[in-house]
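Trainee: Just dropping this structure here.
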């Protein structure tokens, strides 16, 4: 799940072509954490997602129906975050990976989360995982 990142060359060798969809620094307010101060209310969380896609089976024809719609990703993450308190970033990241890989076109998904406000002496603490179909 975590570990070496497949390169674009690896994906190209496997599929002949690949495409990438991404969501950068999606800021959500999340009920997340194990510490008492984290359980007092929602805190900021930054979510990053990269999805590598199989080549389309047909021409795109400038039609959203022929590609992966970004809305499913953003709305799905918002629903997951709002669904409950998560003790661990790891748990949330793996739930987002499941969401991403629920789409047949996704070959590889990389998801990270960052808490930017936990420690005053660093920009963020976070977790990242990558999963390949």
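Trainee: Cβ-Cβ under 7 Å, sequence separation 6+ or interchain: first residue in region 87-111 and farther than 12 Å from residue 51 by Cα, partner crowded, with 21+ Cβ neighbours inside 10 Å. Which pairs?
Mentor: That search, which allows pairs on different chains as well, returns 89/32; 89/113; 92/32; 92/113; 93/111; 93/113.
Trainee: Additional query: Give the residue that is farthest from the chain's Cα centre (by Cα), with candidates limited to residues of region 62-83 that are surrounded by 12 or more Cβ atoms within 10 Å (Cβ to Cβ) and outside any helix (DSSP H, G or I).
Mentor: Residue satisfying both the conditions and the ranking: 67.
Trainee: Here's another thing I want to ask about it. Filter region 93-115 down to residues that are at pLDDT below 95 and touching a strand residue (DSSP E or B) at 6+ places or on another chain (Cβ under 6 Å) and give me whichever is surrounded by the fewest Cβ atoms within 10 Å (Cβ to Cβ).
Mentor: 105
Trainee: List every residue pair whose Cβ atoms lie under 8 Å apart, where the two residues are 6 or more positions apart in sequence or sit on different chains, the first residue falls within region 16-37 and is touching a residue at least 24 places away in the same chain (Cβ under 8 Å) and at positive phi, and the second residue, located anywhere, is part of a loop (DSSP other than H, G, I, E, B) and surrounded by fewer than 18 Cβ atoms within 10 Å (Cβ to Cβ).
Mentor: 16/55; 33/39; 33/87; 33/118
Trainee: Still on this structure, I have one more. Could you identify the single residue in 50, 90, 38 that is at pLDDT 95 or above, crowded, with 17+ Cβ neighbours inside 10 Å and out of contact with any helix residue (DSSP H, G or I) (no Cβ under 6 Å at 6 or more places or on another chain)?
Mentor: 50
Trainee: Would you confirm whether or not region 53-61 contains a residue that is part of a strand (DSSP E or B) and touching a residue at least 12 places away in the same chain (Cβ under 8 Å)?
Mentor: Looking through region 53-61, at least one residue is part of a strand (DSSP E or B) and touching a residue at least 12 places away in the same chain (Cβ under 8 Å).
Trainee: Quickly run through region 6-31 and pick out the residues that are assigned to a loop (DSSP other than H, G, I, E, B), touching a strand residue (DSSP E or B) at 6+ places or on another chain (Cβ under 8 Å) and either closer than 18 Å to residue 47 by Cβ or modelled with pLDDT of 70 or more (or both).
Mentor: Residues satisfying the conditions are 18, 31.
The values are calculated or read from the model by the stated rules, or taken from the named source; none is laboratory data. These numbers come from a predicted model, not from an experiment. As a convention, Cβ positions derive from the backbone with ideal geometry for all residues, glycine included, and neighbour counts pool all protein chains shown.
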